[in-house]
Structures are given as C-alpha cells and as structure tokens.
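The values are calculated or read from the model by the stated rules, or taken from the named source; none is laboratory data. For clarity, every value in this text was computed on a predicted model and none was experimentally measured. Cβ atoms come from the backbone with ideal geometry, glycine included; neighbour counts cover every protein chain shown. Surface accessibility is based on the protein's heavy atoms, side chains included, excluding ligands, DNA and RNA. Shrake-Rupley method; radii C 1.70, N 1.55, O 1.52, S 1.80 Å.
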Amino acid sequence: MEQIDPRHLLAGIAKILNQLRIPYFVTGGMAVLVWGRPRFTADIDIVIQLKYENIAELKNALLAFRKKSYIDEEAAKEAIRNKGEFNFIDVESGVKTDFWILKESEPIILEQLKRRVVKKIFNERVYFISPEDLILNKLIWYQKSDSSRHLEDAESTFKISGKKLDKNYLKKQAAKLGIAGLLKKFS
C-alpha cells in the first residue's frame, strides 16, 4: 500500500467537486488539521450537496482520478434517499473518504455551507467548514457520543483559531443547539 499524504487525495477530490460544481465542505479530522492541532486522521469527511443526476459523473471522475479505488453508485443513491453517507476508498493509500449528504431540512447545515472557508491545498481550492461550525459540530458529537476526541478537537480549534473566531456567532448557535454549557469550558 502506497503511503501518501492524505492532503493529495483531498486536493484531487476537491478539484473534481469544484469542476463538477458540487457544493461541499470538508469537516472532521481534516478540518481539525486546518483549524486546530494537527492529529492523525484515517479518513476524509466531506459534507456534499449531491443530486441523483450527478452521481455517475462523480463516480466516473473519482475512478479516473484514482485507478485503484472503489465507489458504489447504489450506495450513493441510498445515501441521497436517506440523507446518509457513502464512501470512496483509495485502495493504493488506504484512505477512505466519507461523503455525508447535506441535510437541507436542517437550517444549521445550510448555514455551515454558506459559511464555508476556502483554503489552498497543493494549489487547489478546498472548502472547509468554518472553525466556529467545526467547534459546534465537535461539541454536538461529544454530547452524543461522550468521546473525548471530539472535546479535544473542539478545544484545540478554539485555542489555535481563537483570536479569529466569531465568538458572537459561536454563543448564539451554541444556545440554539443546547450546547452553551459545553462551549463555556473554552471561553
């Protein structure tokens, strides 16, 4: 298995999504690498606004990009139906990309899409969740799972991106989401 920097895979996927004009943002561990303390992440998490008519084109572009890879078109269709997720696996590197279907019925997700931030990764425009929304998501996941990893990610993002954060937005959204008490740990 080839050892590659997962950012190469991320930049290639972002290029495809940009070319196909499919709205998206990177979240999870890769976003923590951008906004917080670098840590090992075994996958790439991307929230994507995918339509049925774009599935085949996305699948073909991804398979052309990484010849030894796997993506299931039926799983993508099922993910759209259920607002779930499907995977793209790069066999050479072993890196898995989880594509999470954007839930348009959740206003907070649409707000996150509007607030995404572009960063350059290997000369490619890659859209990331904002640091504020990353913190909020990590606190929500901590509340749901009680996994200290989520709390550590939120804390490192708050510390490292702290001066640049829109703290009013954070407080307002945390109150709406019922996680204001968790957010107070950092402020």
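Data table
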{"read-out": "All positions within region 91-125 that are in a loop (DSSP other than H, G, I, E, B), surrounded by fewer than 16 Cβ atoms within 10 Å (Cβ to Cβ) and either free of Cβ contacts under 8 Å to residues at least 24 places away in the same chain or touching a Phe, Trp or Tyr at 6+ places or on another chain (Cβ under 7 Å) (or both)", "value": "V91, K103, S105, E106, R115"}
{"read-out": "Scan of region 144-187 for residues that are in a loop (DSSP other than H, G, I, E, B) and surrounded by 15 or more Cβ atoms within 10 Å (Cβ to Cβ), ordered by number", "value": "L165, I179, F186"}
{"read-out": "The lone exception for W141 - which of (1) under 17 Å from P38 (Cα atoms); (2) modelled with pLDDT under 95 it fails", "value": "(1)"}
{"read-out": "Criterion violated by Y70 - all others in (1) over 13 Å from the mean Cα position of the chain (by Cα); (2) not in a strand (DSSP E or B); (3) not β-branched (V, I, T) satisfied", "value": "(2)"}
{"read-out": "Any hit, region 81-88, residues being more than 19 Å from H8 (Cβ to Cβ), within 18 Å of the chain's Cα centre (by Cα), in a helix (DSSP H, G or I) and free of Cβ contacts under 8 Å to residues at least 60 places away in the same chain", "value": "no"}
{"read-out": "Residues satisfying the stated conditions in region 56-85, i.e. aliphatic (A, V, I, L, M) and in contact with an Asp or Glu (Cβ under 6 Å, 6 or more places away or on another chain)", "value": "A79"}
{"read-out": "Test: residue in region 127-135 that is under 18 Å from V32 (Cβ atoms), assigned to a strand (DSSP E or B) and open to solvent by 40 Å² or more (accessible area, probe 1.4 Å)", "value": "yes"}
{"read-out": "Per-region count, region 57-80, residues among the basic types (K, R), closer than 13 Å to L9 by Cα and either in contact with a Leu (Cβ under 7 Å, 6 or more places away or on another chain) or surrounded by 15 or more Cβ atoms within 10 Å (Cβ to Cβ) (or both)", "value": "1"}
{"read-out": "Residues satisfying the stated conditions in region 31-60, i.e. over 24 Å from I109 (Cβ atoms) and not in a loop (DSSP other than H, G, I, E, B)", "value": "A56, N60"}
{"read-out": "Matching option when the condition is modelled with pLDDT of 95 or more, crowded, with 16+ Cβ neighbours inside 10 Å, under 22 Å from T157 (Cβ atoms) and touching a helix residue (DSSP H, G or I) at 6+ places or on another chain (Cβ under 9 Å), among I22, I16, I46", "value": "I46"}
{"read-out": "Tabulated pairs, region 55-66, first among the basic types (K, R), second not in a helix (DSSP H, G or I), C-beta under 6 angstrom, 6+ apart or interchain", "value": "K59/I71; R66/D90"}
{"read-out": "Residue pairs meeting the criteria (Cβ under 8 Å; at least 6 apart or on separate chains; first closer than 11 Å to I46 by Cα and in contact (Cβ under 8 Å) with a residue 40 or more places away in the chain, in region 4-30; second among the polar types (S, T, N, Q) and open to solvent by 40 Å² or more (accessible area, probe 1.4 Å))", "value": "P23/Q49; Y24/Q49"}
